[in-house]
Amino acid sequence: MRPLFLLCALFLSTLSPGSAAGADPVRLTNGEWPPYLGEKLPHHGVASRIVSEAFALEGIAVQWEFHPWARSLQLAQSGKRDGSAVWLYSEEREQQFHISDPVVDSGYYLFYRRNYPLDWQAIDDLRGRRVGGTRSYDYGEAFQQAEAEGRIEVRRSTSDELNFRQLLAGRIDLFPMDKVVGFDMLHQHFSAAERAQLSFHPKPLSSATLHLLLARNVAGNDELIARFNRGLAQLRDSGKISLYLLEIENPLTQAP
C-alpha cells in the first residue's frame, strides 16, 4: 500500500492548485454588455467564455456574479471578489489591479444611413454632421476633445438603441458604436428592412483592448494573473478566440 500511497501523493502534487479537489473557484464580477457579457447569454457572453476557458486550461474554475458595472468594479477593488471582467486599461486601474493581456479588442465605428454616405479621415471631417452619442460614453480622446471644443455637434441620448432609432429617423446623421455590439443590437431589436438602411465606415473612430482585472489586495492574484495569461495565449493560439468572435458577428456589409 505504501508505494500506491506515494504514487497518489506524487500525482496530486503535480496538479495545479485550481485543479485540486475542493479548490475554490476564482470569483469574478461581470456586467451586461451583449454579446460580450450577459448573465442570460450562452456562456455568459463571448468575453466571459474566453475568460472561463482560459482559466480552465490552467485547471481553474470561474464563479461569475453579475452586478451593475459600478458595483462590479467596487466589489473587485475592495477585495471582496477576486476580480472583474472585462475593462479598459488605465494607469489608475493598474495601481489597484493586476491587468491581464488583452481578452478582446473593442473598436468604435461610425454607423450611418446608406442614403447619406460618409467618407472621413479626421474628426474635423465630421463638421456639419449631426453626430449621436450615448450619455457618459467615452468615444476616444480626439472625439471627446472635438465635442468639448464645439468643433462637432454631438447629440447625446440615453441609450445606444435610441441612437440607432434616431439615426434611422434622420434625426442624427452618424452614430459611433462598438461594431460587434452594434451588430448584435441591430439583429436583436431591428427588422431586416431597418438594418438594410444602415452601414458603417471601415475606419475606426477609436480602438482599445479589454482586459481581466484581478485585485492586487487579494493574496495569490499575482500568480493567478500569470496563469490566466498563459491559458489565454494557449486559447488564442488554438484559433478558438477568433472562431468565437466570428460566431457573434453579423454580415452587415462595409461601405466606404
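The values are calculated or read from the model by the stated rules, or taken from the named source; none is laboratory data. Model, not experiment: these values are computed from the prediction. Heads up, the Cβs are rebuilt from the backbone with ideal geometry, glycines too, and the neighbour counts pull from every protein chain shown. The area values use the complete protein model at the heavy-atom level, side chains included, leaving out ligands, DNA and RNA. Shrake-Rupley method; radii C 1.70, N 1.55, O 1.52, S 1.80 Å.
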Query raised in the report: Of all DSSP beta bridges located in the chain, what percent are antiparallel, nearest 5?
Result: 65 percent
Report summary line: Among 142, 75, 166, the residue whose Cα sits farthest towards the positive end of the charge dipole of the chain, when +1 is placed on the Cβ of each Lys and Arg and -1 on the Cβ of each Asp and Glu, is 166
Query raised in the report: If you roll a 1.4 Å probe over the heavy atoms of the protein chains, what accessible area per residue do you get for segment 159-256, in Å²?
Result: 46 Å²
**Report entry** Accessible area of segment 51-145 divided out per residue, in Å², using a probe of 1.4 angstrom
**Finding:** 50 Å²
Query raised in the report: Ignoring ligands and nucleic acids, what accessible area does residue 100 show with a 1.4 Å probe (Å², nearest 10)?
Result: 10 Å²
Query raised in the report: How many nm is it between the label spots at residue 145 and residue 94, if each spot is 7 Å from the Cα in line with the beta carbon?
Result: 2.1 nm
Query raised in the report: What number, rounded to the nearest 500 deg cm²/dmol, is the helix-based mean residue ellipticity at 222 nm of the chain, given -39500 (n - 2.57) per DSSP H run of at least four residues and division by all its residues?
Result: -11000 deg cm²/dmol
**Report entry** FRET E, pair residue 230, residue 69, Förster distance 41 Å, beta-carbon r, rounded to 0.05
**Finding:** 0.90
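For segment 119-207, which whole-number percentage of the solvent-accessible area (1.4 Å probe, protein heavy atoms only) is attributable to carbon and sulfur atoms?
For segment 119-207, the apolar C and S fraction of the accessible surface comes to 43 percent.
Express in nm, to one decimal, how much length is gained between residue 191 and residue 119 on full extension, taking 0.36 nm for each residue of separation and deducting their alpha carbon distance. Spell out each step's value before the answer.
On the way: separation 72, 0.36 × 72 = 25.92 nm, distance 2.59 nm.
Computed gain between residue 191 and residue 119 is 23.3 nm.
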Query raised in the report: In nanometres, what is the gap between the two model label sites at residue 203 and residue 24, each 7 Å from Cα along Cα-to-Cβ?
Result: 5.1 nm
Report summary line: Expected field for residue 53, accessible surface area in Å² at 1.4 Å probe radius, rounded to 10, holds 50 Å²
